[in-house]
1. Being in contact with a Phe, Trp or Tyr (Cβ under 9 Å, 6 or more places away or on another chain), within 14 Å of another protein chain (Cβ to nearest Cβ), in a helix (DSSP H, G or I) and at pLDDT 90 or above is true for just one of B:L279, B:L285. Which residue is that?
2. I'd like to verify a number: residues in segment A:121-149 that are among the small types (G, A, S) and more than 12 Å from chain B (Cβ to nearest Cβ), how many?
3. Mind checking which residues of segment B:261-274 are in contact (Cβ under 8 Å) with a residue 60 or more places away in the chain, facing chain A (nearest Cβ under 7 Å) and either of a type in the set (G, A, S) or under 18 Å from A:K134 (Cα atoms) (or both)?
4. Which condition does A:V26 not pass, out of (1) of a type in the set (V, I, T); (2) touching a residue at least 60 places away in the same chain (Cβ under 8 Å); (3) touching a strand residue (DSSP E or B) at 6+ places or on another chain (Cβ under 6 Å); (4) more than 30 Å from A:P104 (Cβ to Cβ), if it passes all the others?
5. Only one residue in A:A238, A:A249, A:A268, A:A263 is part of a helix (DSSP H, G or I), without any contact (Cβ under 8 Å) to a residue 60 or more places away in the chain, outside the structural domain of A:G34 (by TED's automatic domain parsing) and more than 30 Å from A:T173 (Cβ to Cβ). Which one?
6. Would you mention how many residues in segment A:76-104 are at the interface with chain B (Cβ under 7 Å from one of its Cβ atoms) and over 19 Å from B:K265 (Cβ atoms)?
7. Give all pairs with beta carbons closer than 8 Å in which a residue from segment B:151-163 that is outside the structural domain of B:L128 (by TED's automatic domain parsing) meets a residue that is in a helix (DSSP H, G or I); count only pairs at least 6 apart in sequence or on separate chains.
8. From the residues in segment B:116-144 that are under 17 Å from B:R79 (Cα atoms) and among the acidic types (D, E), which one is surrounded by the fewest Cβ atoms within 10 Å (Cβ to Cβ)?
Amino acid sequence: MTAALEIRGVCKRYGNVEAVRPLDLVAERGALIGLLGPNGAGKSTLIRMVMSLIRPDAGELRVLGGDALDMKDRIGYLPEERGVYRRMRVEDFLFYIGRLKGLPSSGLRARIAGWLERIELPGVAHKRCQELSKGMQQKVQFVAALLHDPELIVLDEPFSGLDPVNARVLIQTVQALHREGRTIFLSTHQMSQAEQMCQRVVLINRGEKILDAPVREALARFSPRAIDLEPASDPQKACAALKQLPSVASAEWRPETCTIHVALDERADAVSSLAAIAACVPARRIEVARVSLDDVFVRLVEAHGGHSRVPVRGAA
Amino acid sequence: MTGEHRTTSGRMGRIGAIAAREFKQTVLTKSFIFGALVLPVIMIGIGALVPLLVGGTTPPVVGTLVVADKDGSVAEQMRLAFDAMRATGKVAISPSDTMPPPMPMGGLGGVPMPDDPPVDITVMRIALDADLQREQTRVQSGEILGLVEIPAALLQSAPPAGVDISVLVPTASPAKTTAMIGRIAREATVTARVAAAGGDLAAARALLSPPSAATARVSNEGQRSRERFEIRMILPGAFMFLMWIASFTSANQLLTSTIEEKSSKVIEVLLSATSPLELLAGKILGQSLVSLVMLGMYGIAGMVGLTLLAVTDLVDVPTILLFVVWFLLGYFMCAAMMAAVGSAVSDLREAQTLVSPVMLLMMMPMMLWLPISENPTGILATVTSFIPPIGPFVMVLRTMGAVEGIPAWQVGAALFTNAIGAIALVWLGARIFRIGILMQGKPPTPLELLRWARAR
């Protein structure tokens, strides 16, 4: 079976700004991939090229084995800049989008009702879009992207502006769709959500791909090689004792978290060092320090010259 | 897993869905129903009702009019006139009949003008040397309708210049009443003067009455066609205005709906489901249906009007069919330009700069209306017929106005050049639309628009 998304050497330039530099990316069918990057990194430009809203200057782009223009009915897209017809009723708006997506009229209204129920928006079908709150409108747009049961789902910042309760509803829906076998390409700023949901993350900065790895691998690659412990005795004495161990490079008391952060020597093994430290200092709690996707993001972006400035007109 | 439910209607289905939404969202709005249906009906209603209401409520002029003249001849003529008006009542006469009909028995005939109120006026004659000051006091008090003083010099065969009839009326006298008294007094003076000179006014008027001219135009082939003012000037103008309003209203609607889709950010959702060209095609098609509804509505009203005036022979079926063809060509060009402008800007204020040249172009047929109606087969009319986007409007003026007919080759050539123009403008509009629709930020310059049109 062909990949859901194949991007080979795709680039896009706006005047003097390279919004996307030659970029390769393959998304296997059924994958849930997080597209990460700072503002103006080129994420939305890349997504717009995937959706064939704009043409790449060079490179090859295949969606579900063909041209995205011919696959629109098989792709669900929630753009970053999204909107509704304010004066249209919710049901009429979704009916219209469904028809554009090739759904037959018969049974469409029942399908809409089912989706509104699923994302916890009952009773809004006959309301005008302008009568809904921003969060509710966002959920209606979410339904508009998924109404036609797409094989590939492209979501650009789907949770931005949502309260935690509504964000959770949409996250659960995305996870359910993933379990059903849909391929999901998700752009987000919220690293915790990406870490929680995605199998793989792609990080782009200044239009360039700087990370493309499974989430676990990315976290492991940027493991801090450190151990955090909560001492049961005097923290200063504990620090002094820990510094005597050969595997410890430094030990630092962090009163704000009531922990001692122990940085390990480059050659030291984290698991055997953990046993040695536990034997050296009595501790209430001891664990290998975890790195978050947020840390990975910041470190990688800083290592690649900081985040980009917003490019000129039309670029993401 | 997925895809079983999809239909194969494809591109045409999407265009149809967009057109249907565009049509419904325009026609089923209060503003359209009010602006296109209710407002004209109200205006026609007011136009028809006001004269009836005014005519029905005008009180009759009742009272005494004192006339001071040399020998009573003018007063007698005025009495005859008012008596006749009282007997005749308010009857309509042809507005073009500016000459009064011959007067029987040397009198005025008492034929009222269309604006005259109903009258019941008694004329009381007094001598010129009577107490006019006392009569003036009666006028001031409203006891009498007025005092008319006819200087004796006005009854001479050659009345001196600078001598006028004096008409005194109360301050509150209605304008129509004073105008009527003045007119009757002038005509009565002339009648009395002619009678005093021993002449026959009725015979003189009959001699002076100009005959009507039956003008016909002779074509190169020797065919005669009757000259009709309403055909040459009014009817072509009416059809051209109808076409202009219908096409421009819909094209303007296209502009605002495109801007609304951009500003509400719904455009990217739409473009994830359809291509810019399909979107543009659907929108143009939907609005064309709106304009056809307007055209049909006003067209039917116009035909009812022509039927009531018994001049349906002025418009035949082939002319109407050709009119629809010209309308569609004109509409598509206008719509393509407006959609391109709408796609390139973010709000209506920004659109003004780009709409101005389009408006200027669209106003051209208005400016050409009179010269082309005057000479629908002249060089100006012929040349402008072939120039898009004004060609279709000019051709409507010509085909409706040229009673001698337009050479078939010119109709064919105009159809060809304007069809090419429509295709080119729709293509150009689509090229701009596909780029502009996703653009944000400052509006483009005309040069940038051309660059978009050339872009891959």
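1. B:L279
2. Matching residues across segment A:121-149 total 4.
3. Of everything in segment B:261-274, those that are in contact (Cβ under 8 Å) with a residue 60 or more places away in the chain, facing chain A (nearest Cβ under 7 Å) and either of a type in the set (G, A, S) or under 18 Å from A:K134 (Cα atoms) (or both) turn out to be B:E268, B:A273.
4. Every listed condition holds for A:V26 apart from (2).
5. Within the list A:A238, A:A249, A:A268, A:A263, the selection yields A:A238.
6. 4
7. Short answer, once both residue conditions are applied: none.
8. Step by step, filter segment B:116-144, then rank; the result is B:D120.
The values are calculated or read from the model by the stated rules, or taken from the named source; none is laboratory data. Please read these numbers as outputs of a predicted model, since none were measured by experiment. In this analysis, Cβ positions are derived from the backbone assuming ideal geometry, glycine residues included, and neighbour counts consider all displayed protein chains.
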